[in-house]
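Accompanying notes for the structure given below.
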Amino acid sequence: MIDPRSPAPQLPRPLRALTSRLPGWMLSAAFARVLDLGLRRRFPLDVLERLEGHAFTIIVDDANVEVSFCVEHG
């Protein structure tokens, strides 16, 4: 669990510089692929069914990044 009193972790400066220059669609596609490959098998089937058809956006202020994705077909 993250201690709410501790400062938020930040992306390393070179990674922030890179992500801030990439088009949003590219970051979103990469992020969605990482989720698909790395996390899909870890979610119980009932959770994936509840997420089906929902869209999400994650904003990382310190990296000036916004990624959007939708859960489809599990």
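The values are calculated or read from the model by the stated rules, or taken from the named source; none is laboratory data. Predicted, not measured: the structure shown is a model, and the values here were computed from it. Only protein heavy atoms, including side chains, enter the accessible area calculation; ligands, DNA and RNA are left aside. Shrake-Rupley method; radii C 1.70, N 1.55, O 1.52, S 1.80 Å.
Tabulated results
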{"item": "Ratio of the Cα radius of gyration of the chain to 2.2 N^0.38 Å, where N counts its residues", "result": "1.28"}
{"item": "Solvent exposure of the chain as accessible area per residue, Å², 1.4 Å probe", "result": "84"}
{"item": "Over the chain, relative contact order from alpha-carbon pairs under 8 Å, at least 6 apart, %", "result": "38"}
{"item": "Angle between the chain longest axis and helix 24-38 axis [Cα atoms, degrees, rounded to 10]", "result": "50"}
